[in-house]
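These notes concern the structure reproduced below.
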Amino acid sequence: MDRLLRYFLSQFIRRGTMTFTSASGARFTCGDGTGHAVSARFLNERTQLRILLNPELALGEAYMDGTFVVENGSIADALEILLGQPEMLPRWAKLQWWLRYFGRHIRQFNWRGRAKNNVAHHYDLDGRLYSLFLDADRQYSCAYFETPDTTLDDAQLAKKRHLAAKLLIGRGNRVLDIGSGWGGLGLYLAEMARADVTGITLSSEQLQASNARAAENGLSGSARFVLSDYRDIAGPFDRIVSVGMFEHVGIDFYETFFRRCAELLSDDGVMVLHSIGRSTGPDVSSPWITKYIFPGGYIPALSEVIPAIEKAGLLVCDIEILRLHYAETLKAWRDRFMARRDEAVRLYDERFARMWEFYLAASEMSFRKQNLMNFQIQLTKRQGIVPMTRGYITREEARLRRMELGKKPRLRLAGE
């Protein structure tokens, strides 16, 4: 087993320096000797075999179970090496990739009931968990770092400002926020842009928090949140925004999603879609992420999204790629989580804390070392709705920034 383990790991790990100790005590080093050295230990032969047979699923499970232990460095350091190799996937795991690729339509067939259950799996966890690592506004999506030293809270505020600028919202515009989370973006648009906002979510926990925040800040008349699927909400709306929700739609429902958005959007309306994407072509979801974090989720390539937009009759006005912004967001989340990790253990248990640690680290390194990014797509139903050049975004951001300075303290969660 030791020879087999050494052979396959040495074939895959060509960059960096990583030393392994097998269950029998044998030590070997893989890589080219560069970078910070990381060492890890397998505690039993079953873990070694499982990682060789199914690395994408078994590595995360072994870390959760405590049978794969990083002895020098952190799991983030280990994943930085493992996800930074010339080949994103070990060659011996390619067959499993193909099997997952051909079966992805079944796993992502997110009809209404399944979509709600998928959301509950992740977003209806104890709300105190998210307070351990998110910003004060609980923005659970990619922040917008205008400068390298921008704080997480300021970067999340900049994200909301950037989206609002692209939406070109006028006073009283009816705005639909699809996947409204804990309400931060909707409340921002209601307060700063004087919009009439309807936020929809499938999470009961988020719904309760959002409406409580609206009431606390005197915005219940202009920001309301309802438990609804995007397929069931009634329109029309002058503006539609969706942030961090499209990853849960499922590839077989892309056309349904954009056709419904086209039906809901007024003729002179504007929509902005903010989503994680991949810079390469169609792929599969991580089996570990699917099993433990986001069941039914999938990160699309633009080549999978644009055809569905075209078929819906919507016009693409602008596409912005946010490179590394999510890597920095996830790093900030991971740093915050690790600083309060003991609280996560008290909320759940040690295995859950290791699961969350692996999730944040693997996600960060996927953006930092592999092919993930974020895109923002601006859409309309006809030409001439948005200006011809992007200067209006900068001007609108400056106007919103001045308004923010003159307002009361930033919106916070009810009770904080």
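Open to solvent by 20 Å² or more (accessible area, probe 1.4 Å), in contact (Cβ under 8 Å) with a residue 60 or more places away in the chain and within 22 Å of V305 (Cβ to Cβ): is that true of I251 in this structure? Yes: the conditions hold for I251. The stretch 306-369 holds helices (runs of 4 or more DSSP H) entirely within its bounds, and those carrying 3 or more residues that are under 17 Å from G84 (Cα atoms) map to 325-339, 350-369.
Here I233 clears all of (1) part of a loop (DSSP other than H, G, I, E, B); (2) among the β-branched types (V, I, T); (3) in contact with a Ser or Thr (Cβ under 9 Å, 6 or more places away or on another chain); (4) exposed (fewer than 15 other Cβ atoms within 10 Å of the Cβ) except the condition numbered (4). Residues that are farther than 21 Å from E87 by Cα and without any contact (Cβ under 8 Å) to a residue 40 or more places away in the chain within the stretch 41-72 comprise R41, F42, L43, N44, R46, T47, A62, T67, F68, V69, V70, listed in sequence order.
Only one of these is at pLDDT 95 or above, open to solvent by 30 Å² or more (accessible area, probe 1.4 Å) and either under 19 Å from S180 (Cα atoms) or over 13 Å from the mean Cα position of the chain (by Cα) (or both): I321, I276, I309. Name it. Break it down stepwise before answering.
Numbers: I276 fails: open to solvent by 30 Å² or more (accessible area, probe 1.4 Å); I309 fails: open to solvent by 30 Å² or more (accessible area, probe 1.4 Å).
Selected residue: I321, the only one of I321, I276, I309 that is at pLDDT 95 or above, open to solvent by 30 Å² or more (accessible area, probe 1.4 Å) and either under 19 Å from S180 (Cα atoms) or over 13 Å from the mean Cα position of the chain (by Cα) (or both).
Residues are listed down the side, and each one gets a yes or a no for (1) open to solvent by 10 Å² or more (accessible area, probe 1.4 Å); (2) within 20 Å of the chain's Cα centre (by Cα); (3) over 24 Å from A212 (Cα atoms):
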| residue | (1), (2), (3) |
| --- | --- |
| A158 | no, yes, no |
| L168 | yes, no, yes |
| G172 | yes, no, no |
| V175 | no, no, no |
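Quick check on the stretch 284-305. Is at least one of its residues under 29 Å from L99 (Cα atoms), among the basic types (K, R), assigned to a strand (DSSP E or B) and within 17 Å of the chain's Cα centre (by Cα)? The answer is no, given that none of the residues of the stretch 284-305 is under 29 Å from L99 (Cα atoms), among the basic types (K, R), assigned to a strand (DSSP E or B) and within 17 Å of the chain's Cα centre (by Cα). Look at the stretch 133-153 and say how many of its residues are on the phi < 0 side of the Ramachandran plot and crowded, with 18+ Cβ neighbours inside 10 Å. The total comes to 12. Screening the stretch 213-230 for residues that are open to solvent by 50 Å² or more (accessible area, probe 1.4 Å) and touching a residue at least 40 places away in the same chain (Cβ under 8 Å) and picking the one that is nearest to G199 (Cα to Cα) gives A215.
The values are calculated or read from the model by the stated rules, or taken from the named source; none is laboratory data. If you're wondering where the values come from, they're calculated on a predicted model, not measured in any experiment. Please note: Cβ atoms are built from the backbone with ideal geometry, for glycine as well, and neighbour counts cover all protein chains shown. Accessible surface is based on the protein model in full, side chains and every heavy atom, while ligands, DNA and RNA are left aside. Shrake-Rupley method; radii C 1.70, N 1.55, O 1.52, S 1.80 Å.
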